Amino acid sequence: MRRNSQAFPRERRCIALGEAALAFLDSRGGKRTRHLAALWQNWSVVMGENLAGLAFPLGHKDALLLIGAEDSMALQELSLQSPEILQRVNAFMDGECFRRVNISLLQSRQLLLPVRPRLSDIPLRPSLPPKPRELGSLVGKLNPASPVARCYEAYVMMFSER
């Protein structure tokens, strides 16, 4: 049986097993996988603080980067920022690794980040400011058909429900 000497040419020197394993994995596409793992680990640094809170990495499919957004407002903002996201990711990957970005809602998908912000950490209702001293003095004095009067009455009711 004849061996294929073209695939793995012999060398007349000793190399470390780790170096040989890396060379073997790189020949099978391992270098890209290592770069992707580094991208997921450094996602917040690559995206910056403005985009990292909106964009969550979901994975990739060939030259398509998959990103998740928590709500439709974030999805819209990320779709407008897609060229910048592509530029930042490809700069980190040292070449044009991705050509497109697909942004979708997270729903219950698994993220590639170690920690996802929990909704329990976010207060459901923001705390109200202190009650103004002369609150309610304009009730009945404004035109009841105007939107301003309705908003003012709702504002007064918000403090009376305390």
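The values are calculated or read from the model by the stated rules, or taken from the named source; none is laboratory data. Values in this document were obtained by computation on a predicted structure and should not be read as measured data. Using ideal geometry, Cβ is built from the backbone for each residue, glycine included, and neighbour counts are taken over all protein chains shown.
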* Selection from the range 92-108 of residues that are exposed (fewer than 11 other Cβ atoms within 10 Å of the Cβ) and touching a residue at least 40 places away in the same chain (Cβ under 8 Å) -> ASP94
* Structure fact -> Per the filter on the range 98-113, residues modelled with pLDDT under 85 and over 14 Å from the mean Cα position of the chain (by Cα) are SER108
* To do: Tally the residues that are in contact with a helix residue (DSSP H, G or I) (Cβ under 7 Å, 6 or more places away or on another chain), more than 16 Å from GLY53 (Cα to Cα) and not in a helix (DSSP H, G or I), restricting the search to the range 85-108.
  => 5
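Okay, residues lined up against (1) under 15 Å from the mean Cα position of the chain (by Cα); (2) closer than 19 Å to ASN42 by Cα:
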{"position": "ALA55", "(1), (2)": "yes, yes"}
{"position": "LEU58", "(1), (2)": "yes, yes"}
{"position": "LEU65", "(1), (2)": "yes, yes"}
{"position": "GLU70", "(1), (2)": "yes, no"}
{"position": "ALA74", "(1), (2)": "yes, no"}
{"position": "LEU80", "(1), (2)": "yes, no"}
{"position": "LEU86", "(1), (2)": "yes, yes"}
{"position": "MET93", "(1), (2)": "no, yes"}
* Taking interchain pairs and intrachain pairs at least six residues apart, which have beta carbon atoms under 8 angstrom, with the first residue in the range 41-62 and touching a residue at least 12 places away in the same chain (Cβ under 8 Å) and the second among the hydroxyl-bearing types (Ser, Thr, Tyr)? -> LEU58/SER104
